[in-house]
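Report on the structure given below.
The values are calculated or read from the model by the stated rules, or taken from the named source; none is laboratory data. All figures in this text were calculated on a predicted structure; none of them were measured in a lab. Note that we place each Cβ from the backbone using ideal geometry, even for glycine, and neighbour counts take in every protein chain shown.
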Amino acid sequence: MIDATRLFCGLGFSHMPEGNIVNIVILGGGSAGWMTAAALSQLLKKRNCHITLIESERIGTVGVGEATLPHLRFFNQRLGIAEAEFMHRTQATYKLGIEFVNWGGAQGQAYIHPFGDYGLRFNDISFHHYWLKLRRTGATAPIGDYSLPVVAAKLNRFQYPSTNSRSILSSYSYAYHVDASLYAQYLREYACARGVVHCIGEVTHVHQHPDNGFIETLTLNDGRNINGDLFIDCSGFRGLLIEQTLKAGYEDWSRYLPCDRAVAVPSPVLRQAPPYTRATASLAGWRWRIPLRHRTGNGHVYCSAYLSDDEALQLLLTNLNGEAMAEPLFLRFNTGRRKSMWLKNCVAIGLSAGFLEPLESTGIHLIQLAIMKLIEYFPNSVMESAYSTEFNRSMNMEIERIKDFLVLHYYACEENCGVNTPNSHGSTLNPQTKESPFWQYCHNLTLEDRLRHKIDLFSATGHVVNYMEGLFLEPSWIAVYLGQGLLPHSYDSRLDCCNQAQLQAQMRALHQSIANAAASMPLHRQILLSETDEGHRHGE
Amino acid sequence: MVSKIAIVGDGLSALITTATLAKALMRLPAVEITLIESNPCQRHNVISSSPTLQDFHQYLGIDAEQFRTIVNNSYNLGLHFRGWSSTQQDYVHSFGHSGEMIDAVEFHHYITRLKRQKPDLRLEFFSPGAVAARQGRFLPPAEEIRSPLSKIIYTLNLDEFDYCNFLRNYALAKGVKVVQASVTDVIVDNDNGFIRTLSLSNGTSINAEFFFDCSGSAAYLLGEKLAVPYISWERYLPFDRRMDCFSSNPGREVSVSSTVSSTTAESAESINSNTTSLLNLVTRMDAGFRKRLYIPGLCCEQFYYHSDFASDEQVFSLQRHHLSEKKETEDGHRKKVIALKPGYRQQFWANNCLAVGSAAGFVGDTIISAAHLAQSAVLRWLRLFPDRNCHSLLRTEYNRVTLQEYEHVRDCHALPFLCATDNSSSFWRQVAQVQWPESLTYRVTLFRKTGTLAFYEGQSLTPQTWIALLLGFEIQPHHYDVLADDVSLHVLESHMAKRMKAIGDYVKQLPVIRS
């Protein structure tokens, strides 16, 4: 028997990688482009790749106030970006969830989809079953009152989650609201400091290999030729390489998610500094409000078949918290996904890969996910197609699941319009919404089987279809189902025989402890102020 | 709610079901659970389990130490695969992790990288469980030595007879009724096909709102009465018989060179090829494979084979051949032949009846134990707990998720067959012709080409388990994560050597386990 440790006693010899990707060309300088450039420049730094980012100054980027998901923290950590510096440079605020206003439901006009759980699992039965049981007797507070991030958000309070898993303060997570242009700018400095070549110009010609169609060279309007082994298409909706050159094809989802326009405009800062995004249902779409440190990002996502640009702008402006601070920016899009996000030697990241409206703040997350998968499946110059096949397969799975979750918001909203639940406090419905043919369309939508099954199972039994991988898991689905008043016909029948008085007492105690914990947190505004002071003290 | 429940069946899956339901439901008022056993297990037999056994026992509230004094058992740290491919004789599949990430890159990519210079390098060298098991060393968990290494994950081989009695007593203590009778008739509601009443051989009858069919592959309730068809996966899991041969004196490792060609002295040399009582040995044979399990005083050899390629007599004489070097005891001749039907019930849950165990399907019992699938089935049912009407969407959801799990486990048990490269017998020539399930071929191809693991939904197997299996069965990736090149070869080698030394030092402290 050989001592296995002796395997390593031999002399090491230098490793000579063969057929490596040397030149990486990123086309587009928005969030997607600079996030990709930053991540590749850091994570592939020992590969000695030459990374070039081509950005056209004439083509504006879609940088508006951007709400994110907690995963962005891990992206920043991986890049070694300190949170304080990031917060400061991107004028960021903290985010505990999204408030949905006027989306229907029995719990009044609004609910918050938090980054956290509701209540506690008890006797192997999810909390919402207990809540549903008590609700029948009218002896319960709204479900949000049993979620610490929801209660804290409503009080405009914020605190870092505790790392002590036994503390109630560990029951949530958090994300950020960032100025997307500032984030891109920050990442540009980061990437350029790591050797990324920033090239201003417009692509006038794309040269492909005559046999296999691989992209070889991009010619710019000043005559320069940029060669590459791997091309990342971050050129936005138009997909200059993935679609216009490689004709990857687009799967249109506008039937399920019919909004196709947005208009964005900034407004003054919100004094109370809400630690949450707001999404308000509107006549033919919805409006966002994203609180930043230096201003507020606002926008209106709408469906052009039901609302004109002027009407949409009007609705946005009349609902602003103050004067508009800039000219409105209009955007057009088409919900769906690129049929192949990775085709030949071109990977589409960002809007060029597909578009899902920002209702659940998934834009930056999908960019991040694609970047991390690209690194996981990073090819060599042979471009083994197994990498792209799995990349496309797993990205599709993620994006399809997010799509289901988004469609639920539209579908469940209208489903309840006109159905007044006995417990609703007066009329909770937005009269605009009730009349809207847009929402009627959403209501009458024939859902895809997968989503149909999820909704039907919950409506009938209170059970949530769960999966292991995916962005939105059981608590998120419960937030939207219950928030929008899609109340199940039954709950776990084992609770039929539990002691009502005892249960009520437990729920009251939980409610109180969450209320106390939330009240003990500092105001979000103060946290932001103290961080700014901190920044000044360290004399940047 | 469903408050009257009947469980029909004799074997372990019936008792796992009964004990789980007893724990979950007997504390609720008005719940009645009845187990109907016709011919409970009477003889000692050895079964393997999966590490989830401990979670299961914790769920039931069973004291682990006390359990080990009541049920005859031995520690099991994994499986020892032998003779499965021509290039590799030998692979220990341990339950625990093998190697931690380095710089956010999965450990196995570094193995792939280093293997180019050191072809003898194996992932299992970095699994404390595999290293300890090969040396027959293990320290019972209560006396755990503090170590920076990941814990050695273990499970138990159990005496089935003892274990069944234990679970039956557990259920009885919780208030479950046990009836010794066979089912003579099943009365089904004509309106909705729900089972209402079972008539029993003792002249009584049992009404219930929900029925668990644990009656084995015949599936007396779900298959025969409710006519739910069975879908065969025999082409992927090519065996239809299992012969259990018992000997009371396991003795020392017996040479099996007659069935295993020793072509690669090199790899056999690099590791201790002896096996130990801490490992369940799984050896390839001309017409299938055999698996050997020990508990103190009893050794069970299970021969898995296909009746088209080997008769029971041939297998039995093969068994006698293996035993010939040993002092045979009376018990050495005891044998039992069981018909196996790889496949699954088209609906695991139909109307008010749920199949658990072989009634639900059989997808192998080696890497993931059948006991695990039974535990998992009952817990899944409890998560979707129905009322008396058993809403059809609950059934749909249960069946959807369960099928995913079965496919997943089927794939992992088919993997060794897919990887076998031997053409020396008609059985293996036939195996080489099989069109494997797409989920498995995709997984294998992706891993071979890229070193990454395809993601599929489905519980029971972690990504680390899959990676260990794929490497263990010699699916050698052509590529690895590019970031694995970031560490210099020198640093990586020294890291690996340190790691192996740390594991070796740790294992040396552990006492040798005598079976």
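Identification of helices (runs of 4 or more DSSP H) wholly contained in segment B:354-453 with 1 or more residues that are modelled with pLDDT under 95 and under 24 Å from A:Arg494 (Cβ atoms) yields B:370-383, B:392-419.
Could you tell me whether B:Trp466 is more than 21 Å from the chain's Cα centre (by Cα), in a helix (DSSP H, G or I) and either of a type in the set (Lys, Arg) or closer than 28 Å to A:Ala386 by Cβ (or both)? Walk me through it before giving the result.
Numbers: more than 21 Å from the chain's Cα centre (by Cα): no; in a helix (DSSP H, G or I): yes; either of a type in the set (Lys, Arg) or closer than 28 Å to A:Ala386 by Cβ (or both): yes.
Here the answer is no, as B:Trp466 does not meet what is asked.
If you go through segment B:215-224 and keep only what is modelled with pLDDT under 95 and touching a strand residue (DSSP E or B) at 6+ places or on another chain (Cβ under 9 Å), you end up with just B:Ser217. Candidates are the residues of segment B:2-60 that are within 14 Å of chain A (Cβ to nearest Cβ), in contact with a Leu (Cβ under 6 Å, 6 or more places away or on another chain) and assigned to a helix (DSSP H, G or I); the one that is surrounded by the most Cβ atoms within 10 Å (Cβ to Cβ) is B:Ala24.
Of the residues making up segment A:435-471, just one is touching a Gly at 6+ places or on another chain (Cβ under 9 Å) and closer than 24 Å to B:Phe455 by Cβ, namely A:Met468. Out of the residues in segment B:428-463 that are away from chain A (no Cβ under 14 Å) and aromatic (Phe, Trp, Tyr), which is nearest to B:Met101 (Cα to Cα)? Among them, the one singled out is B:Trp436. Report yes if some residue within segment B:152-173 is in contact with a Cys (Cβ under 6 Å, 6 or more places away or on another chain), more than 24 Å from B:Ile367 (Cα to Cα), outside any loop (DSSP other than H, G, I, E, B) and not hydroxyl-bearing (Ser, Thr, Tyr); otherwise report no. Checked segment B:152-173: no residue is in contact with a Cys (Cβ under 6 Å, 6 or more places away or on another chain), more than 24 Å from B:Ile367 (Cα to Cα), outside any loop (DSSP other than H, G, I, E, B) and not hydroxyl-bearing (Ser, Thr, Tyr). Taking the listed residues B:Gln404, B:Gln347, the one that is more than 23 Å from B:Glu224 (Cα to Cα), surrounded by fewer than 23 Cβ atoms within 10 Å (Cβ to Cβ) and not small (Gly, Ala, Ser) is B:Gln404, with no other qualifying. For B:Val401, the criteria (1) in contact with a helix residue (DSSP H, G or I) (Cβ under 8 Å, 6 or more places away or on another chain); (2) more than 14 Å from chain A (Cβ to nearest Cβ) hold in every case but one, which is (2). Check whether at least one residue in segment A:231-244 is touching a residue at least 12 places away in the same chain (Cβ under 8 Å), of a type in the set (S, T, N, Q) and crowded, with 21+ Cβ neighbours inside 10 Å, and report yes or no. Scanning segment A:231-244, I find at least one residue that is touching a residue at least 12 places away in the same chain (Cβ under 8 Å), of a type in the set (S, T, N, Q) and crowded, with 21+ Cβ neighbours inside 10 Å, so the answer is yes.
When segment A:145-189 is limited to residues that are β-branched (Val, Ile, Thr) and farther than 22 Å from A:Leu482 by Cβ, the one that is nearest to the chain's Cα centre (by Cα) turns out to be A:Val178. For segment B:469-483, the tally of residues that are more than 10 Å from chain A (Cβ to nearest Cβ) and either within 23 Å of the chain's Cα centre (by Cα) or buried (at least 20 other Cβ atoms within 10 Å of the Cβ) (or both) stands at 9.
Look through segment B:490-508, keep the residues that are within 7 Å of another protein chain (Cβ to nearest Cβ), in contact (Cβ under 8 Å) with a residue 12 or more places away in the chain and under 28 Å from A:Tyr377 (Cα atoms), and return whichever of them is surrounded by the fewest Cβ atoms within 10 Å (Cβ to Cβ). Result: B:Glu493. Quick check on segment A:32-51: of everything there that is polar (S, T, N, Q) and surrounded by fewer than 19 Cβ atoms within 10 Å (Cβ to Cβ), which residue is modelled with the lowest pLDDT? Going through the qualifying residues, I end up with A:Asn48.
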